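Notes follow once the structure below has been shown.
The values are calculated or read from the model by the stated rules, or taken from the named source; none is laboratory data. This one's a predicted model, so the numbers in the text were calculated from it and none came from an experiment. Because the Cβ atoms are built from the backbone with ideal geometry, glycine has one as well, and the counts that use them run over all protein chains shown. Surface areas here come from the heavy atoms of the whole protein model, side chains and all, with no ligands, DNA or RNA. Shrake-Rupley method; radii C 1.70, N 1.55, O 1.52, S 1.80 Å.
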Amino acid sequence: MFKIGIIGIGNMGEAILNGIIKNSNIKPDEIIVSDINKERIDYIINKYGVAGTDNNERLVKLSDIIFLVVKPKDFENIVIPIKDKFKNKILISVMAGIKIEKIKSILEDSFIVRIMPNTPALIGESTTGISFDKNFPADKKEEIVKLINTFGKSFVIDESLMDAFTGLAGSGPAYIFTIIDAFAQAGVKQGFSYNQALEIIVQTITGSSKMIEDLKEHPCVLRDKVTSPAGTTIYGLHELEKGKIRDIIINTVEKSTQRSKELSN
Ligand SMILES: NC(=O)c1ccc[n+]([C@@H]2O[C@H](COP(=O)([O-])OP(=O)(O)OC[C@H]3O[C@@H](n4cnc5c(N)ncnc54)[C@H](OP(=O)(O)O)[C@@H]3O)[C@@H](O)[C@H]2O)c1
C-alpha cells in the first residue's frame, strides 16, 4: 500500500509531489504516481524515486489518499470507469472549477477535498484554498491541511468562496507579475537598467510583504509611517489615487471571480 497516489503528474502534480517529499515525513517509496504519458512517469520515477504506473485503477486501489491533478475535461473519463475503487478513500481534487457536489454525484462513498493552489506551488510557495466535503471526517482534516502546507500556505474556506479565492489568489500571481513589470519599466524611465529596476522592486515588494506579516500592522498604518508631510511619498501616492488604483484592483478581482463562476457553471 502507498500513503499517497497522484493521478496526473504534470506541472501542478510535480509541484505537489516535490513539496510532500521535501517537507513531510512521507518517504518517496510511500508515494505512487500515474499519468497517460509513459515518458513523463519514467522521468518522475527517476527524479524522485517514487513508484509509477500508467494504470489509474491500480493507483487508486493501492493508495490511501489520492490527489487528482488532471484537467477538468478529463475528470469523468478517468473516474467513472473505476468509481468503485474510490470507496472510502480520500480524494483531493486539484481540478479548477469542479464542485464537490459534482464529484460526490459520481463518487458518493468517498471523502472529498477540493483545493485551489496557485503557480508559486512550483517553488513551494503556493497560496492554496481548501474546502472539505461536509461529511469529511473532522479528525482527518488536520492531516490533510498539513499535507497541503508542504507546498505553501493554505486557507480553509467555505466552498462558496472558491471562485473568489480563484479571482484573488489563483489569478493573483499574474496580477503581481504585471505590476512588478510596470514598476521595473518605471525604473527604466528614471535611468535604471531593466534588470536592476526589477531586482529593486522585487526586494521592495518582498520586504513590504514581510513587514505586514512580521509586524502584524494594518498596511495603511505602515504606509502612513513612510508618508511625511509634503514629502516624496505623498506626491507618488496622489498619482496612484488619481489613477484609481483601488477601483482597478477591486474590479480586477471581481471580474476574475465572475469568470470563475461562469466557467464552473
Ligand atoms: N498549474 C496551475 O497553476 C494550477 C493552479 C490551480 C489548479 N490547477 C489545476 O491542476 C490541474 C492540472 O493542471 P496542470 O497545470 O498540472 O496540467 P498538466 O501539466 O496538463 O497536467 C495534467 C497531467 O495529467 C495527465 N493526464 C491526462 N489524462 C490522464 C489520465 N487519463 N490519467 C492520468 N493522467 C492523465 C496529463 O497528460 P498529457 O499532458 O499527456 O495530457 C498531464 O501530464 C488542472 O485541473 C488545473 O485546473 C492548476
(message) For a bin width of 10 Å, list the pair-distance distribution of the range 9-119 built from all Cα-Cα distances, rounded to whole %.
(response) 14, 49, 33, 4
(message) Under 5 Å between amide hydrogens, which residues at least 5 positions from Ile6 or on another chain qualify, with H placed 1.01 Å from N in the peptide plane?
(response) Ile32, Val33, Ser34, Phe67
(request) Could you list, in their original order, any pairs among Lys22/Lys102; Lys83/Lys146; Lys71/Lys255; Lys47/Lys141; Lys87/Lys146 whose Cα atoms are separated by more than 25 Å? (result) Lys22/Lys102; Lys83/Lys146; Lys47/Lys141
(request) Give me the distance between the Cα centres of the range 104-150 and the range 245-265, rounded to whole Å. (result) 23
(request) Given the peptides 177-186, 57-66, 5-14, arrange them by the average over their residues of other C-beta atoms within 10 Å, most packed first. (result) 5-14, 57-66, 177-186
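Got the relative contact order for the range 86-177 handy, in percent, Cα pairs under 8 Å and 6 or more residues apart?
Working: 136 pairs, mean separation 24.3, N = 92.
About 26 percent, as a whole number.
Obtain the radius of gyration and the Kirkwood radius of the chain from its C-alpha atoms and give Rg over Rh. Mind showing how you got there, number by number?
Values: Rg = 21.6 Å, Rh = 20.7 Å.
Reported Rg/Rh, Kirkwood definition of Rh: 1.05.
Taking only protein heavy atoms and a 1.4 Å probe, what accessible area per residue, in Å², does the chain have with all protein chains in place?
Details: 15670 Å² over 265 residues.
Using a 1.4 Å probe on heavy atoms only, each residue of the chain averages 59 Å².
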(request) Determine the share of the chain's accessible area contributed by carbon and sulfur atoms, expressed in whole percent, with a 1.4 angstrom probe. (result) 56
(message) How big is the dipole moment of the chain about its Cα centre under a simple scheme where the beta carbon of each Lys and Arg is +1, that of each Asp and Glu is -1, and everything else is neutral? Debye, nearest 20, please.
(response) 100
(request) Report, ordered by chain and residue number, the aspartates and glutamates lying within cross-link reach of Lys61, taken as a straight Cα distance under 15 Å and ignoring same-chain residues fewer than 8 apart. (result) Glu30, Asp84, Asp109
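Rounded if a/c is under 1.5, else prolate if a/b is larger than b/c, else oblate: which is the range 49-192, with a ≥ b ≥ c the root eigenvalues of its Cα gyration tensor?
Prolate is the answer for the range 49-192, as a/c is 1.5 or above and a/b outweighs b/c.
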(request) Would you look at the GNM of the chain, springs on alpha carbons closer than 10 Å, and say which of Val188, Val94, Val70 moves the most? (result) Val188
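Output the relative contact order of the chain, whole-number percent, from Cα pairs under 8 angstrom with separation of 6+ residues.
Contact order relative to length: 15 percent.
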